[in-house]
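Worksheet: the structure to be examined is printed underneath.
The values are calculated or read from the model by the stated rules, or taken from the named source; none is laboratory data. Note that the structure is predicted; figures quoted are calculated from it, not measured. Glycine gets a Cβ as well: all are built from the backbone with ideal geometry, and neighbour counts include every protein chain shown. The area values use the complete protein model at the heavy-atom level, side chains included, leaving out ligands, DNA and RNA. Shrake-Rupley method; radii C 1.70, N 1.55, O 1.52, S 1.80 Å.
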Amino acid sequence: MAEDLNIIQGSKEEQYQALIPQIQGLLTGENNLIANLANMAAALKEQFGWFWVGFYLVDQNELVLGPFQGPVACTRIQKNRGVCGTSWAQAKTLIVPDVEKFPGHIACSSLSKSEIVVPLLKDGIVWGVLDVDSSDYNQFDDTDQLYLEQIVALLKIV
């Protein structure tokens, strides 16, 4: 298990490529989902300095707040509501350059300007989402999607 995170400078791609093996190290040998979600959120926030990084987990007919890093957040989100609920319903990653232009956006914080939400999948079923918010517009792109999808695929659930 890794205990220290080595923060890498460089291009976004270089940062992700250096972070992935470190996250693998954090997850290796640990089977507790909450611990792994917490460390993954912390590693992403620490490396990239985004405004908010966290997880929402499916609980019956809504997403419920899980481990996160950042200011307090919305606790429950309905399916098809906001970026997280829409990502859940569509089972696909959503990149939102300006959250104010997203229909039905849930404003947990007025400081959030852009967002990426990546569904957590097992056997094609969404069991949660990774939600990342930035205080800058147009923060996220296809590079983030590519690597964040690889990172969440490291999570093992039973």
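Whenever a residue of region 132-143 is over 18 Å from residue 73 (Cβ atoms), its partners that are outside any strand (DSSP E or B) and open to solvent by less than 60 Å² (accessible area, probe 1.4 Å), lying with C-beta atoms within less than 7 angstrom and at least six residues away or across chains, give the pairs 136/113; 137/98; 137/113; 143/12. For region 47-85, filtered to residues that are aromatic (Phe, Trp, Tyr) and assigned to a strand (DSSP E or B), the residue that is surrounded by the fewest Cβ atoms within 10 Å (Cβ to Cβ) is 68. Entry remark, region 136-158: residues being open to solvent by 70 Å² or more (accessible area, probe 1.4 Å) and more than 21 Å from residue 64 (Cα to Cα) number 6 in total. Per the listing 133, 123, the residue uniquely loosely packed, with under 13 Cβ neighbours inside 10 Å and acidic (Asp, Glu) is 123. Every residue in region 1-46 that is over 27 Å from residue 127 (Cα atoms), open to solvent by 80 Å² or more (accessible area, probe 1.4 Å), outside any helix (DSSP H, G or I) and out of contact with any helix residue (DSSP H, G or I) (no Cβ under 7 Å at 6 or more places or on another chain), please. Within region 1-46, 3, 4, 9 meet the criteria.
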